[in-house]
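The values are calculated or read from the model by the stated rules, or taken from the named source; none is laboratory data. Remember, it's a predicted structure, so these values are computed and weren't measured experimentally. In this analysis, Cβ positions are derived from the backbone assuming ideal geometry, glycine residues included, and neighbour counts consider all displayed protein chains. Please note that ligands, DNA and RNA were not included when accessible areas were found on the heavy atoms of the full protein model with its side chains. Shrake-Rupley method; radii C 1.70, N 1.55, O 1.52, S 1.80 Å.
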Amino acid sequence: TLRHCLAGRDRNTMLANKECQAALEVLQESPLYDCRCKRGMKKELQCLQIYWSIHLGLAEGEEFYEASPYEPVTSRLSDIFRLASIFSGMDPATTSKSNHCLDAAKACNLNDNCKRLRSGYISTCSRELSATEPCSRRKCHKALRQFFDRVPGEFTFRLLFCSCKDPACAERRRQTIVPSCSYEDKDTPNCLDLRGACRADHLCRSRLADFHTNCQATFQSLTSCPGDNFQACLGSYAGLIGFDITPNYVDASTTSITISPWCSCKGSGNMEEECEKFLRDFTENPCLRNAIQAFGNGTDVNLAPKNPNPAVTAPPKAEKSPVLPDDVNDSHTAYDTSVISTCTSPQEQGLKPNKSKEQSLCYSEAQLTTDVMPDQKTFTDPKAGSSRQWESRILLLIPVLL
């Protein structure tokens, strides 16, 4: 009934019909209201249609950000690193001079499923139809969706987010999705038009809502990502590939990572501010940038220890494997490893840490006097303590005598 009510009507018209309103109220009280879908499931599209038939009736018009219809991602990047243990010698720390994107392609070829689906989309997206039509964009997108939905993240993430130190590697990374067919176009559409077309399709709408849910920059977390979950953000980014709103690297730069859909905000009129906001969620998104760099560096977010004083257990070699990428500038105090104290509790013991980048030693007051500055001696008067005690007692008796 609700699906019939939503067809071709706006929300106010639908709610004016008592039968439609009754159907909505019944569904809100049913288990269907809280159900979610799983990305890549056998009947994913059917599940999403059920979800949106309920939640579009609840929406107060088109919201800028929509909640994800997918189950939340609980796994983390560290899980993918463990699954990718077959890539011996691919640790960024030991192969800093190699082309990580080329290594990722070789690793994919070692897996039959990854090799077959990757060869399939490359062939489809590179097949020229005519002089005026270089490829079938629709078939290319479908093949890309199948690849990223059916191949595990330890392969797809390494292809998409491999770290690069030279332009050749970065260009290979940019070419991962065959952008001449799947990404670029003769004309550059308006970003709001692109978003509108995406929202008209249940599957694309779901992937976009999932991206906003998992990659929307927040200042409430250490990494700028919701729940400090890089895995969820990168997974939702990969979920957008294979639609008209497909994002990709805009160039082969190795110094800065800029991601964007193929669109601009020209001709937005009075909607320009909203258009720029939508585009910035890709081009100037610290969560997405940090997640990509964390994967490329082979690092993940370490969950905060239960101990309220993290400095106590800080490892002396933390600078070699930072928790966050180097370009994060709003949370240095949380992971600054240039100052590491080996004192268990400097404040309580009255010790002074020597804040050197090379070493960190703790000195007591006596050590600072006798060891660091041996020329200076400290003398104590044994009688001084007893004389002070008598003085205090006399002072207490004076008001009684008065």
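Annotations for the structure displayed:
- Among the residues making up the range 39-63, those that are part of a loop (DSSP other than H, G, I, E, B) and at pLDDT 85 or above are Arg39, Met41, Lys42, Lys43.
- Yes/no for Ala318 being modelled with pLDDT under 95 and open to solvent by 30 Å² or more (accessible area, probe 1.4 Å): no
- Count of residues meeting criterion [open to solvent by 60 Å² or more (accessible area, probe 1.4 Å), part of a loop (DSSP other than H, G, I, E, B) and either over 25 Å from Asp166 (Cβ atoms) or not assigned by the TED database to the domain that holds Lys165 (or both)] in the range 227-261: 1
- Every pair of residues 6+ apart whose Cβ atoms lie under 6 Å, when the first sits in the range 277-298 and is outside the structural domain of Phe219 (by the TED database) and part of a helix (DSSP H, G or I) while the second is β-branched (Val, Ile, Thr) and surrounded by 18 or more Cβ atoms within 10 Å (Cβ to Cβ): none
- Among the residues listed as Ala131, Ala170, the single one being in the same structural domain as Ile241 (by the TED database) and within 30 Å of Asp79 (Cβ to Cβ): Ala170
- Residue in the range 215-224 that is closer than 21 Å to Asp149 by Cβ, buried (at least 21 other Cβ atoms within 10 Å of the Cβ), of a type outside the set (Asp, Glu) and touching a Phe, Trp or Tyr at 6+ places or on another chain (Cβ under 7 Å) present: yes
- Glu171, sole failed condition from (1) within 30 Å of Thr255 (Cβ to Cβ); (2) outside any helix (DSSP H, G or I); (3) open to solvent by 10 Å² or more (accessible area, probe 1.4 Å): (2)
- Residue tally, condition touching a Phe, Trp or Tyr at 6+ places or on another chain (Cβ under 8 Å) and not in a helix (DSSP H, G or I), over the range 1-38: 4
- Single residue of Lys106, Lys186, Lys142 found to be free of Cβ contacts under 8 Å to residues at least 24 places away in the same chain, open to solvent by 50 Å² or more (accessible area, probe 1.4 Å) and part of a helix (DSSP H, G or I): Lys106
- In the range 251-276, the residue that is farthest from Arg82 (Cα to Cα) out of those that are in contact (Cβ under 8 Å) with a residue 12 or more places away in the chain and charged (D, E, K, R) is Lys266.
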